[in-house]
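Worksheet: the structure to be examined is printed underneath.
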Amino acid sequence: MTVQRSILVTGGAGFVGSNLAVLFKTKHPEVKVVALDNLKRRGAELNLLRLAKAGVRFVHGDVRNREDLDLKADGFIPDTIIECSAEPSVTAGYNTSPEYLINTNLGGTVNCLELARATGAQMIFLSTSRVYPIERLNALAFTEDVSRFKLSERQSVAGACANGVSELFPMDGPRSMYGATKLSSEHLIEEYRAAYGVQSVVNRCGVIAGPWQMGKVDQGVFVHWMASHYYKRDLAYFGYNGSGKQVRDLLHIEDLYSLVEWQVEHLDRVNGAVFNVGGGTECSLSLAETTRLCTELTGNKVSVRPIEEESVADVRIYISDTSVVRTRTGWAPKKTSRDILRDIFTWINKNDAALRQVLAP
């Protein structure tokens with residue numbers, strides 16, 4: 001990295017942000033990396049020592065407050081903003097006010113865009129597959145085998161096939177409050193790009209997983225599943241007749257880093273692009289398959305009860321069709337689903353004393 005001298009990572013003490021910040025600073029020690037976070041999510045404080053050891057400067061701030069992003073007085077002006085800050089739960093705002101969700105996910109993006117406009121920084125935005133409408137995803141043709149649901153090759157809508165969902169998938173219909181804030185942010189990013197020349201790229205990520213994710217059932221499900229096996233806590237398959245056959249693709253955080261690193265160095269080549277980013281069909285699991293792998297890796301078998309009632313905003317199958325990003329950048333994930341679960345297990349086992357309070361309260 002010879003051009004970029006300073007990187008601001010928002011949500012920098014969260015799972016994605018802290019890992020990206022640490023990896024950037026480790027691989028490119030000459031680059032100034034600042035991680036900004038409000039430490040709202042439980043467990044984020046555990047990442048502060050990791051950031052410090054890597055030489056990443058931590059700033060306790062909130063993207064909702066524009067002044068928190070202004071670090072000129074400290075001599076820091078970012079060349080790149082990696083926008084990882086978010087209230088990440090897909091169920092956020094359903095049973096409570098969506099005010100924090102909207103102010104963080106949408107208002108925070110506006111503040112980051114204003115910083116980019118003022119400083120000339122380029123922006124990499126971590127969006128989500130949840131921008132795609134729930135009812136349309138659940139209406140896709142599928143088949144069922146012993147352990148999972150599978151997308152059929154022939155579909156009645158554009159942008160979907162057995163390989164997953166592409167960027168051409170129809171966007172009309174509700175998608176959750178979380179998904180709506182992310183899609184709204186995407187629209188604003190495009191407007192700032194057109195009006196003010198802010199160079200940007202949007203990554204619509206599927207399920208990202210790996211060490212230092214404080215997983216819950218509504219966000220970080222693969223870490224939640226592994227932690228439940230490790231600490232011998234019962235689980236449940238919600239919806240779809242309690243079969244556990246719903247499927248997600250998953251992406252190791254280090255594979256995401258390899259893409260973001262390329263984008264930081266070559267953003268001019270993909271300026272304005274929107275990419276579906278995930279593990280694809282090759283790196284995907286159903287909950288039932290995840291249970292089998294977690295049992296094998298931990299040696300612990302836990303009770304998983306079937307509950308026919310579906311979870312809020314759940315989707316039967318989501319797999320990222322990553323054809324576009326692979327073609328445009330040459331990127332491809334390297335970690336398998338087994339690799340990811342094994343890395344999560346190793347991390348929990350190594351850091352049991354610190355993680356027990358967060359992952360097994």
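Using only Cα atoms, locate the centre of segment 297-350 and the centre of segment 217-269, then give the distance between them in Å, rounded to an integer. A separation of 4 Å, based on Cα centres. Sorted into 5 angstrom bins from 0, the C-alpha pair distances of segment 1-125 split as 2, 12, 22, 24, 19, 12, 5, 2, 1, 0 percent. The convex hull of the Cα atoms of the chain, projected and averaged over all directions, covers 16.9 nm².
Leaving out same-chain residues fewer than 8 places away, which lysines sit with a Cα under 26 Å from that of LYS25? Partners found: LYS40, LYS53, LYS72, LYS334, LYS335, LYS350.
Starting from the Kirkwood Rh over alpha-carbon pairs, what translational D in µm² s⁻¹ does segment 290-329 have by Stokes-Einstein at 25 °C and 0.890 mPa s? All intermediate terms of the calculation are to be shown ahead of the outcome.
Numbers: Rh = 14.0 Å.
Diffusion coefficient, whole number: 175 µm²/s.
When segment 6-359 is described by a simple charge dipole with +1 on each Lys and Arg Cβ and -1 on each Asp and Glu Cβ, the residue from PRO29, GLY107, VAL324 located farthest towards its positive end is PRO29.
Could you tell me the relative contact order of segment 7-130? Use alpha-carbon pairs under 8 Å, at least six residues apart, and round to a whole percent.
So the answer I get is 27 percent.
When the alpha carbon gyration tensor of segment 148-196 is reduced to an equivalent ellipsoid, its three semi-axes come out at 28, 14, 9 angstrom, largest first.
Just so you know, all these numbers are worked out from the coordinates, no wet-lab data involved. What you see is a predicted model, and the numbers here were worked out from it, not measured in a lab. Note that each Cβ is placed from the backbone with ideal geometry, even for glycine, and that neighbours are counted across all protein chains shown.
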